[in-house]
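Can you read through this structure? Questions will come right after.
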Amino acid sequence: MAMSVGSRGQKKRPLILVCNDDGIGAPGILALASSMDGLGDIFVVAPVTEQSAVGHSITLRDPIRAFTFPFRIPSGSIDAWAVHGTPADCVKLAIEKLLPRQPDLVVSGINQGPNAAVNVIYSGTVSAGTEATILNIPAIAFSYCRWVGGDYEASGRIARQIAVRVLDRGLRSGILLNVNIPDLPFAALKGIKITRQARSKWKESFTERKDPYNRSYYWLSGTFVNLDSRDDTDLGAIENGYVSITPVHHDLTAHDQVDEMRSWTWDDK
């Protein structure tokens, strides 16, 4: 297992930061922190309340408040902070102020519900990991593909397995592993597939209602539409009983389009 090296050459245990978007009291983050037990020094920094679908938003015009939080995994209590902010806020604050040193790995989740296809853009769970990669720290985002309830035992075992491999082998700079785990017992999982992000969209609608002053307000709802039927996608792997690992990064440049547009000519005005 990879170890950090101190200023005098001593090897240090890896420091692992655990975050999420479901809130510090969610069962998924307890399962994730517990699954990291024994791999290094574990610290939890997570939002006070659920921050699902906030994407990569950060807090600029309000103070960010944090307080220590009682957090216990099976082997005992670990250091934890609850933050009045977004998942990206949590990672920034943890690295700059709360942790004793820079983490060797950031793990986010285990999210309640999948974060595949277009949902990667909206996910606070994924964005916590993305923030870590912006700061040049390897990161993994974990999601359990069940919306309500469920058993995190298989997800925890998968999370530990993947974290061990990343601590051993590392990741290229800027890379986040987005992991989606089917709602199956561990023994029923067919294996792990390296996948690409599926093309998809939400067919959305807004329901209009009136408040007591006859002013309109709206509730967003929608139906998920898979536009990509191939088996090499994150959605395809999940549907076929495989754990999906999709390497993603925050460079949104459409490189193929850049190459094409360099051949364009522009008329002077």
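Just give me the residues in the stretch 130-152 being of a type outside the set (A, V, I, L, M, F, W, C) and outside any strand (DSSP E or B), in sequence order.
Passing the criteria: THR130, GLU131, THR133, ASN136, PRO138, ARG146, GLY149, GLY150, ASP151, TYR152.
Does SER173 satisfy the criteria of being part of a strand (DSSP E or B) and farther than 21 Å from VAL45 by Cα? Spell out the reasoning first.
On the way: part of a strand (DSSP E or B): no; farther than 21 Å from VAL45 by Cα: yes.
Here the answer is no, as SER173 does not meet what is asked.
Sticking with this one: Answer with yes or no whether ALA159 is in contact with a strand residue (DSSP E or B) (Cβ under 7 Å, 6 or more places away or on another chain), in a loop (DSSP other than H, G, I, E, B) and closer than 17 Å to ASP234 by Cβ. Write out each step before concluding.
Details: in contact with a strand residue (DSSP E or B) (Cβ under 7 Å, 6 or more places away or on another chain): yes; in a loop (DSSP other than H, G, I, E, B): no; closer than 17 Å to ASP234 by Cβ: yes.
Against the criterion (in contact with a strand residue (DSSP E or B) (Cβ under 7 Å, 6 or more places away or on another chain), in a loop (DSSP other than H, G, I, E, B) and closer than 17 Å to ASP234 by Cβ), ALA159 does not qualify.
To continue, here is another question. Could you tell me whether any residue of the stretch 105-119 is part of a helix (DSSP H, G or I), closer than 15 Å to LEU15 by Cα and in contact (Cβ under 8 Å) with a residue 40 or more places away in the chain?
no
Within the stretch 185-200, which residues are in a loop (DSSP other than H, G, I, E, B), crowded, with 16+ Cβ neighbours inside 10 Å and either at pLDDT 95 or above or hydrophobic (A, V, I, L, M, F, W, C) (or both)?
Within the stretch 185-200, LEU189, THR195, ALA198 meet the criteria.
Out of the stretch 222-269, which residues are polar (S, T, N, Q) and in a helix (DSSP H, G or I)?
Correct list: GLN257 only.
Now for a different question. Quick one: is ARG101 outside any helix (DSSP H, G or I) and of a type in the set (Lys, Arg)?
yes
Looking at the stretch 210-229, which of its residues are free of Cβ contacts under 8 Å to residues at least 12 places away in the same chain and under 10 Å from ARG199 (Cα atoms)?
SER229
The values are calculated or read from the model by the stated rules, or taken from the named source; none is laboratory data. Being a predicted model, the structure only gives us computed values, none of them experimental. Neighbour counts run over all protein chains shown; Cβ positions are idealised from the backbone, glycine included.
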